[in-house]
Structure formats: structure tokens, C-alpha cells
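What follows is a set of notes on a single structure, which appears directly below.
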Amino acid sequence: MAGLNPPLIDSDSWILASGFFFNRGIYIYNIDRQTANTYGQLKAALFNQFAPKEKSKRRKTKITDLGFGENDLWITSIALQQNLTIVSADSDFQHIQQVRTLSVESWLTI
């Protein structure tokens, strides 16, 4: 929360206040035809990059067999459509970056 100085309150109250400010910035993005098209193109690109090349094996392969969650593809499709940054430590998004330029950040500190 850059530029926001914590008030002089106890840590539990600050956590609640932080949650309030964070929740004010949550938006819901609808899935529309453009999102679905982006999803299809992304899924095809991932198959081209990571799926077996042999047709008989490729027909039986699901996106989850390649290590990608369906929801991660929808999240990525919305992020690409809306030009958003994905904040996640999930390695699926780093793998997706091999086929599409995608802004991903992890806020975890090691």
C-alpha cells in the first residue's frame, strides 16, 4: 500500500483497516466473447508448446495433463484482455509466459 502510512493503532486494528482498503480495490471482470477467444488462443498456444506432437497422444491430452489449471487459463485470459498484472506465486503463470507476454508478480518474500 504505497503512500499509505499506517495509523497509530494496534496491529489487529491495522490488519482490519488494511483489509478494508484492499477490498475497495477489488473488481469483478465478466467473461465475454473476447475473453473466450483469448482463452481458446491461449489454450491452443499451450498445446502447441507443451503437448505431445504425436497425433494419437495429443488427442487424449487435456490441458490439466500439461500441468495447467483451467481456472488459471481464465484468469490469464481476463488479465490479458484487461491489461492487468497477476499477483501469484503459482508456477503455472510463469509457464504461460513461455507462450504469451504476461505481467506476473509474486508478493511473497522468502
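If you take just the helices (runs of 4 or more DSSP H) that sit entirely in the range 1-60, which of them hold at least 2 residues that are β-branched (Val, Ile, Thr) and modelled with pLDDT of 55 or more?
33-50
In this structure, is Thr101 out of contact with any strand residue (DSSP E or B) (no Cβ under 6 Å at 6 or more places or on another chain), within 16 Å of Leu42 (Cα to Cα) and surrounded by 12 or more Cβ atoms within 10 Å (Cβ to Cβ)?
no
Residue by residue, here is whether (1) in contact (Cβ under 8 Å) with a residue 40 or more places away in the chain; (2) of a type outside the set (Gly, Ala, Ser); (3) assigned to a loop (DSSP other than H, G, I, E, B) holds:
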site: Asp65; (1), (2), (3): no, yes, no
site: Phe68; (1), (2), (3): no, yes, yes
site: Asp72; (1), (2), (3): no, yes, no
site: Ile75; (1), (2), (3): no, yes, no
site: Ala79; (1), (2), (3): no, no, no
site: Ala89; (1), (2), (3): no, no, yes
site: Phe93; (1), (2), (3): no, yes, no
site: Thr101; (1), (2), (3): no, yes, yes
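The values are calculated or read from the model by the stated rules, or taken from the named source; none is laboratory data. The structure presented is a predicted model; accordingly, all values stated were derived computationally and were not measured. For neighbour counting, all protein chains shown are included, and Cβ atoms are generated from backbone atoms with ideal geometry for every residue, glycine included.
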